[in-house]
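As structure tokens, the structure follows; a few thoughts come after it.
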Amino acid sequence: MIHQVGRTKQRIWTRTLTHAVIIIGAVLMLYPVLWLIGASFKPLNETFTNVSLIPRTWTLSNYTDGWTALDYSFDVFFGNSLIVCLGAVVGNVVSCSLAAYAFARVNFKFKAFWFMLMLGTIMLPYNVVIVPQYVLFKDFGWVNTFLPLIVPKFLATDAFFIFLLVQFIRAIPRDLDDAAKIDGCNHFQMYLRIILPLAMPALATTAIFTFIWTWSDFFTQLIFLNDQSVYTVPVALRTFLDGTGVSAYGQLFAVSVISLIPIFGFFIAFQRLLIEGAASSGIKG
């Protein structure tokens with residue numbers, strides 16, 4: 001009985017310590033976001049002098065002024081980012097799922113070699129390919145348009161998502177394929193009617209991370225977009241930091257807070273499918 005009580009106390013202390021560590025970690029991770037939100041409501045003279053998360057003087061001028069501070073209002077930049085992100089999401093979901101189905105279900109020559117070559121592109125630094133891509137897209141006349149940011153997504157260029165979908169499709173029982181073949185389905189019909197509905201959690205994961213990574217991508221969009229009329233949100237935010245030292249930090253913080261809303265909204269809208277994907281990751285085919 002004494003040993004049982006001792007073990008119970010030990011479990012309670014272990015659980016309490018675990019929860020305390022998790023709470024501390026959550027606070028440390030959320031603090032920069034909370035500071036950003038608080039700083040967006042502070043006047044300029046209080047931005048870096050008041051270390052508290054709560055402003056002494058509240059102001060909404062950072063939001064109203066920041067939204068129209070540039071040559072174009074931020075609804076233009078948000079619209080540009082949404083066009084690029086939605087195009088990238090559709091391209092990755094369609095092309096990567098087709099490529100993944102081919103690697104997981106279709107037998108063709110040198111499939112193992114092509115699969116290894118595809119995985120090898122994950123280890124290829126992006127800086128190595130950005131110059132040839134820029135030269136190619138410049139010859140196409142695509143620079144300063146959204147095409148270099150969207151069209152490659154329709155060519156299954158993100159090997160990480162192909163690998164993710166391949167592993168998920170391999171976990172789907174092949175008995176379903178055999179039953180579909182008996183009913184006269186070809187590969188495209190099996191992909192459309194069987195694989196896609198069952199792989200919805202993995203497709204949602206692909207869509208969510210594609211949206212987040214594309215929305216937050218600064219380097220690629222900075223390379224290919226030159227005119228302010230086609231700027232996306234990350235590139236437009238950079239214009240608030242003036243190289244001469246005159247920077248509108250309050251407006252930058254305010255618009256940065258607004259720019260986080262689509263990411264959180266997209267994640268919340270598909271979080272159920274993300275949980276389903278994590279829960280079904282242990283399924284054996």
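Side notes on the structure shown:
- Given (1) among the basic types (Lys, Arg); (2) more than 18 Å from Gln251 (Cα to Cα); (3) not in a helix (DSSP H, G or I), index of the condition Arg7 fails: (3)
- Restricting attention to the stretch 114-136, the residues being within 18 Å of Phe161 (Cα to Cα) and not polar (S, T, N, Q) number 12.
- Criterion violated by Ala204 - all others in (1) of a type in the set (A, V, I, L, M, F, W, C); (2) surrounded by fewer than 21 Cβ atoms within 10 Å (Cβ to Cβ); (3) over 22 Å from the mean Cα position of the chain (by Cα); (4) in a helix (DSSP H, G or I) satisfied: (3)
- The number of residues in the stretch 207-240 that are in a loop (DSSP other than H, G, I, E, B), within 18 Å of Gly87 (Cα to Cα) and among the aromatic types (Phe, Trp, Tyr) comes to 2.
- Selection from the stretch 1-57 of residues that are of a type outside the set (A, V, I, L, M), modelled with pLDDT of 85 or more and loosely packed, with under 10 Cβ neighbours inside 10 Å: Pro32
- Of all residues in the stretch 154-177 being assigned to a loop (DSSP other than H, G, I, E, B) and under 20 Å from the mean Cα position of the chain (by Cα), the one that is surrounded by the fewest Cβ atoms within 10 Å (Cβ to Cβ): Thr157
- Within the stretch 144-163, the set of residues being of a type in the set (A, V, I, L, M) and farther than 9 Å from Ser95 by Cβ comprises Leu147, Leu149, Ile150, Val151, Ala159.
- The listed residue being part of a helix (DSSP H, G or I), in contact (Cβ under 8 Å) with a residue 12 or more places away in the chain and charged (D, E, K, R), out of Asp65, Asp75: Asp65
- Of all the listed residues (Asn50, Asn45), the sole one being free of Cβ contacts under 8 Å to residues at least 60 places away in the same chain and part of a helix (DSSP H, G or I) is Asn45.
The values are calculated or read from the model by the stated rules, or taken from the named source; none is laboratory data. Being a predicted model, the structure only gives us computed values, none of them experimental. Cβ atoms come from the backbone with ideal geometry, glycine included; neighbour counts cover every protein chain shown.
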